[in-house]
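J.: Below are the structure tokens for one structure; questions will follow.
The values are calculated or read from the model by the stated rules, or taken from the named source; none is laboratory data. These figures come from a predicted structure and were not determined experimentally. Neighbour counts are summed over all protein chains in view; Cβ atoms, including those assigned to glycine, are modelled from backbone coordinates with ideal geometry.
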Amino acid sequence: MTEGNVDVLVVGGGIGGLANALALTQKGLKVRVLERAAQLGEVGAGMQLAPNCTRILDQWGLLDEAVSLGVLPERLVMKDAMEGGELTTLDLADLKERYGYPYLVIHRSDLHGALLRACRDAGVDLVTDTTVTDYEQVEDGAVAVHDGGREFAPAIIAADGLGSTARALFSDDEPVSSSYVAYRGAIPVEQVDQLNVSLKDVVVYVGPKRHFVQYPLRQGEMFNQVAVFESPKARAGEEDWGTPDELDAAFEGSCDSVQAGLPLMWRDRWWRMYDRNPIMNWVQGRLALTGDAAHAPLQYLAQGAVMAMEDAWVLAEHVGQRMGAEGPDWDGALAAYNAVRTEHCRRVVLTARDWGNLWHHTGVKRLWRNAVMRARDPKDYAFVDWLYGPTALTPELLAPMFDPANAPTVEVPESA
Ligand SMILES: Cc1cc2nc3c(=O)[nH]c(=O)nc-3n(C[C@H](O)[C@H](O)[C@H](O)COP(=O)(O)OP(=O)(O)OC[C@H]3O[C@@H](n4cnc5c(N)ncnc54)[C@H](O)[C@@H]3O)c2cc1C
């Protein structure tokens, strides 16, 4: 057993794992990351980082680099996927004024790369090709059991994603399938030259059992698209869910702008959308869950990786506040982390499900949704204040949630 040579083991080297490693290293701890893949990296396309995340990137000294790698869009625009008309907007310059930090879109490999560089520079020990299969609680710490042996640390943070091995010690739940499937595509911007797209906005087309997202990446050199739809085969429990013929069928009848973007999606891979039911305890002894392992959401609020980075920041702040000559008071720090993050992430995971349902309404409900969105005052930020404001360190500081009763009242159409 490797003993006593690190303060913290982090299991998983995704965005959540690296964020925890960096934040704890910045508090003076020695951290080792154990990653099962042969190389540290990220697959996928763009991601949106709201001000509650860019505030934290700034504290870690990474905001300028992230901004230089990404794009600061001007607006977030919701449109109807069938008619193409605008439903509501968020002015992102105004948002920066309100929350003090920008709304950023970035290629996920660029964000992961920035975290990785920062971890390397800070001296994090990054170990690949190591799969953790079990954990043991021992006095004053925990042990990670992996294919290369057993490793002790005073604390272990499990950032091992949606299919987390560590989570099985906390709950016998499984990832929940939504039957929705995502196609992605990050392509050179020249490929959309002839299309009617905005290179300054994040545009989300919402429609019956489908949605379509577009935004620029890498200082406008790339263009990102995400097409999401309910797969009839996934819903029926069939194996060959989400094939390109299902993609094309699901988007039939969509407006011209959406139809024009579809052929540019990557058509050789697609992703099933899962989340996890909230669990209200993420800490056992000196083992803690973080990121998707703790709270995988559906992606509709664009807060999955953001929550992982918030987890990292909150835990590190509590560790920093409890640092003694012998190291941190881990039990106190982990309890404080558990007390606030489980509740915030419960709210986000459940609201993301509702938000997705709202996007995907059919028939009269879709018309009602459109009417509510059109009636919203574009300067009304009540529905994002609870998300985009400063990350709470204690339960008392959690912002009150948006109350749907405060949404605009509209005439409900009688038929679609
Ligand atoms: C279509 C889509 C769009 C999204 N858009 C956004 C967005 O705009 N904004 C946003 O904030 N979030 C977004 N998300 C969510 C975001 O991608 C995830 O929440 C985030 O990447 C989770 O990071 P993680 O590090 O917790 O988990 P992961 O990225 O899954 O990383 C887990 C790591 O642990 C490793 N691992 C697993 N098991 C073991 C083991 N036993 N031993 C060792 N290593 C192990 C894995 O190899 C992996 O490297 C989106 C998700 C999807 C699907």
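J.: Output the residues belonging to segment 64-84 that are surrounded by fewer than 23 Cβ atoms within 10 Å (Cβ to Cβ), in a loop (DSSP other than H, G, I, E, B) and either within 18 Å of the chain's Cα centre (by Cα) or without any contact (Cβ under 8 Å) to a residue 60 or more places away in the chain (or both).
T.: L72
J.: Among residues belonging to segment 313-330 that are acidic (D, E) and free of Cβ contacts under 8 Å to residues at least 12 places away in the same chain, point out the one that is surrounded by the fewest Cβ atoms within 10 Å (Cβ to Cβ).
T.: Among those residues, the one meeting the criterion is E326.
J.: Select, from D173, D193, the only residue that is within 21 Å of G14 (Cβ to Cβ) and away from the ligand (no atom under 16 Å from the Cβ). Even if it seems obvious, please write down each step before you answer.
T.: Details: D193 fails: within 21 Å of G14 (Cβ to Cβ).
One residue alone meets the criteria, D173.
J.: So is V202 within 20 Å of R108 (Cα to Cα), of a type in the set (A, V, I, L, M, F, W, C) and surrounded by 14 or more Cβ atoms within 10 Å (Cβ to Cβ) or not?
T.: Yes: the conditions hold for V202.
J.: Separate question: Across segment 266-299, what is the number of residues that are surrounded by fewer than 24 Cβ atoms within 10 Å (Cβ to Cβ) and among the hydroxyl-bearing types (S, T, Y)?
T.: Number satisfying all stated conditions: 1.
J.: Something else now. Out of curiosity, is A308 surrounded by 21 or more Cβ atoms within 10 Å (Cβ to Cβ) and either in a loop (DSSP other than H, G, I, E, B) or of a type in the set (G, A, S) (or both)?
T.: Yes; evaluated as a whole, the condition is true for this residue.
J.: Only one of G61, G28 is in contact (Cβ under 8 Å) with a residue 60 or more places away in the chain and either away from the ligand (no atom under 12 Å from the Cβ) or within 30 Å of S257 (Cβ to Cβ) (or both); which?
T.: Only one candidate qualifies: G28.
J.: Counting only residues that are in a loop (DSSP other than H, G, I, E, B) and either within 8 Å of the ligand (Cβ to nearest atom) or surrounded by 15 or more Cβ atoms within 10 Å (Cβ to Cβ) (or both), how many does segment 144-170 have?
T.: 9
J.: Then there is this: Would you check if there is a residue in segment 4-26 being closer than 30 Å to V202 by Cβ, of a type in the set (D, E, K, R) and at pLDDT 95 or above?
T.: no
J.: Output the residues belonging to segment 172-195 that are closer than 16 Å to R267 by Cβ and in contact with a helix residue (DSSP H, G or I) (Cβ under 7 Å, 6 or more places away or on another chain).
T.: Across segment 172-195, the qualifying residues are V181, Y183, G185, I187, Q191.
J.: What's the total number of residues in segment 89-125 that are under 20 Å from G46 (Cα atoms), in a helix (DSSP H, G or I), out of contact with any Gly (no Cβ under 8 Å at 6 or more places or on another chain) and not hydrophobic (A, V, I, L, M, F, W, C)?
T.: 2
J.: Okay, next question. Can you tell me which residue in segment 176-198 is modelled with the highest pLDDT, limited to those that are within 21 Å of Y300 (Cα to Cα) and surrounded by fewer than 18 Cβ atoms within 10 Å (Cβ to Cβ)?
T.: In this case the residue turns out to be V176.
J.: Among what's in segment 9-25 and is more than 8 Å from the ligand (Cβ to nearest atom) and β-branched (V, I, T), pick the residue that is nearest to E136 (Cα to Cα).
T.: V10
J.: In addition: Within segment 279-291, does at least one residue satisfy the condition of being within 14 Å of the ligand (Cβ to nearest atom), in a helix (DSSP H, G or I) and within 20 Å of L162 (Cβ to Cβ)?
T.: no
J.: Now a separate question. Any residue at all in segment 35-52 that is of a type in the set (V, I, T) and modelled with pLDDT of 95 or more?
T.: No - not one qualifying residue is present in segment 35-52.
J.: Here are the criteria: (1) more than 22 Å from L162 (Cα to Cα); (2) in a helix (DSSP H, G or I); (3) within 16 Å of the ligand (Cβ to nearest atom). Tell me which single one V213 does not satisfy.
T.: Single failed check for V213: (2).
J.: Can you name every residue in segment 33-44 that is more than 7 Å from the ligand (Cβ to nearest atom) and surrounded by 23 or more Cβ atoms within 10 Å (Cβ to Cβ)?
T.: Listed by number, the list holds a single entry, V33.
J.: Which members of segment 135-189 meet the condition of being among the charged types (D, E, K, R) and out of contact with any Pro (no Cβ under 7 Å at 6 or more places or on another chain)? Let's see the steps before the verdict.
T.: Step one: list which residues in segment 135-189 are among the charged types (D, E, K, R), which gives 136, 139-140, 147, 150-151, 160, 167, 172-174, 184.
E136, E139, D147, R150, E151, D160, R167, D172, D173, E174, R184 - these are the residues of segment 135-189 that are among the charged types (D, E, K, R) and out of contact with any Pro (no Cβ under 7 Å at 6 or more places or on another chain).
J.: Please go through (1) in contact with an Asp or Glu (Cβ under 7 Å, 6 or more places away or on another chain); (2) in contact (Cβ under 8 Å) with a residue 60 or more places away in the chain for K233 and return the number of the only condition it doesn't satisfy.
T.: The number of the failed condition is (2).
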